[in-house]
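> Got a structure here, written out as structure tokens. Questions coming.
The values are calculated or read from the model by the stated rules, or taken from the named source; none is laboratory data. Since the model is a prediction, treat every value here as computed from it, not as a measurement. When we count neighbours, we look across all protein chains shown, and the Cβ atoms used for this are built from the backbone with ideal geometry, even at glycine. Remember, those area values only see protein heavy atoms, side chains included, never the ligands or the DNA or RNA. Shrake-Rupley method; radii C 1.70, N 1.55, O 1.52, S 1.80 Å.
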Amino acid sequence: MMSGQKERLQKVIAKSGITSRRKAEGLIESGRVKVNGKVITELGTKVAQSDEVAVDDIIVEKEQPVYFMINKPRQVLSTVEDDKGRKVVTDLLPDEIEQRVYPVGRLDYDTTGILLLTNDGNLTNKLIHPKFEVDKVYVAKVNGELSREEALQLKKGVIHDGERLKAVKTRIIEVDKKKKKTKIEMVLHQGKNRQVRRMFEALGYRVEKLKRERFGTLTLGNLQPGQYRELTPHEVKQLADITQKNVK
């Protein structure tokens, strides 16, 4: 939860590790929760980081928000655990990080590039929801020679498995006529499962390499595959400002 932003009381209690969100709702309704010394029984109540929350008169330690950027390598899952024992993105972070972070959206198993991890659910929801129009910029290498008309079709939208998928912008970077390959940049606001790959499948192409090079105002810079860094307060503010500016 960023400074100045509010979060539902039951969510704050759950994030502290005391109990689940559903059980936290029961604690609130039974009058066992206080905010700044006042008993709260309304489930819709929201609290700020500066508010003092207590359960049975024991102060809840609220988890501080943290924000990380990872350059996700291939064959790493964009999740926090895997029942098959495959590598997940949180494995790339050191054990010293105590906060429970999770990915902001997902990148496919074989897709590389910028991925954000945080425990700030409010900002996460805004960054991934299409209505906030946060740019996610991908560069894809596909088999075949993509025409300008086909690139335009990706912007107009294609249908795959009954879903309409579209890019905000497309730009052909290079067409290698000798190797019959095309390199193309795409800007998305949607975040459908395997979206870029499915869009090209709809046109009869196969994505051979895919990398996300920008997320909102953030780029990878010198971050190598598998490396991570913490976002600066200024970078976090820039992301929050984008969602405020773009909301309709």
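> Roughly how many debye, to the nearest 20, is the charge dipole of the chain about its Cα centre, given +1 on each Lys and Arg Cβ, -1 on each Asp and Glu Cβ, and no other charges?
Once rounded to the nearest 20, the dipole reads 1380 debye.
> Another one. A 28 angstrom limit on the alpha carbon distance is what I want to check against. Which of Lys87/Lys169; Lys183/Lys245; Lys155/Lys211; Lys136/Lys156; Lys6/Lys245; Lys72/Lys181 exceed it? Walk me through the numbers on the way to the answer.
Numbers: Lys87/Lys169 32 Å; Lys183/Lys245 31 Å; Lys155/Lys211 19 Å; Lys136/Lys156 17 Å; Lys6/Lys245 19 Å; Lys72/Lys181 24 Å.
Those over the limit are Lys87/Lys169; Lys183/Lys245.
> Still on this structure, I have one more. Label points 7 Å out from Cα along the Cβ direction at Val80 and Leu223: separation in nm?
Going by the 7 Å Cα→Cβ label model, 1.9 nm.
> Work out the charge dipole of the chain with +1 on the Cβ of Lys and Arg and -1 on the Cβ of Asp and Glu about the Cα centre, then indicate which of Thr118, Val158, Thr19 is farthest towards its positive end.
Final value for the positive-end residue is Val158.
> May I ask you to give the percent of accessible area on region 132-233 that is carbon plus sulfur, with a probe radius of 1.4 Å? Spell out each step's value before the answer.
Details: 2640 of 5830 Å².
C and S atoms contribute 45 percent here.
> Pairing the Cα long axis of helix 233-246 with the longest principal axis of the chain, what angle in degrees results, from 0 to 90 and rounded to the nearest 10?
Rounded to the nearest ten degrees, it is 80.
> Of Glu52, Glu7, which has the most accessible area with a 1.4 Å probe, and how do the rest follow in descending order? Please list the in-between numbers first.
Details: Glu52 90, Glu7 15 Å².
Largest accessible area first, the residues go Glu52, Glu7.
> Next question, about the same structure. When ligands, DNA and RNA are left out and all protein chains stay put, how many square angstrom of accessible area per residue does the chain have with a 1.4 Å probe?
Value returned for the chain: 56 Å² of accessible area per residue.
> On to the next question. Considering every pair of different Cα atoms, what Kirkwood radius, in Å, is found for the chain?
Numbers: mean 1/r = 0.0497 Å⁻¹.
About 20.1 Å for the chain.
> Scattering from the C-alpha atoms of region 3-82 alone, worked out with Debye: what is log10 I(q)/I(0) at q = 0.11 1/Å?
Debye curve over Cα of region 3-82, log10 I(q)/I(0) at q = 0.11 Å⁻¹: -0.37.
> Further question: Using the Karplus curve 6.51 cos²θ - 1.76 cosθ + 1.60 with θ = phi - 60°, work out ³J(HN,Hα) for each residue of region 205-211 in order, rounded to whole Hz, and write x for Gly and Pro.
Using θ = phi - 60°, the values come out as 10, 10, 7, 9, 9, 9, 9 Hz.
> A follow-up question, please. For region 99-220, just run the numbers: alpha carbon Rg, then divide by 2.2 N^0.38 Å, N being how many residues it has. All intermediate terms of the calculation are to be shown ahead of the outcome.
Working: Rg = 14.7 Å, N = 122, 2.2 N^0.38 = 13.7 Å.
So the Cα radius of gyration is 1.07 times the expected 2.2 N^0.38 Å.
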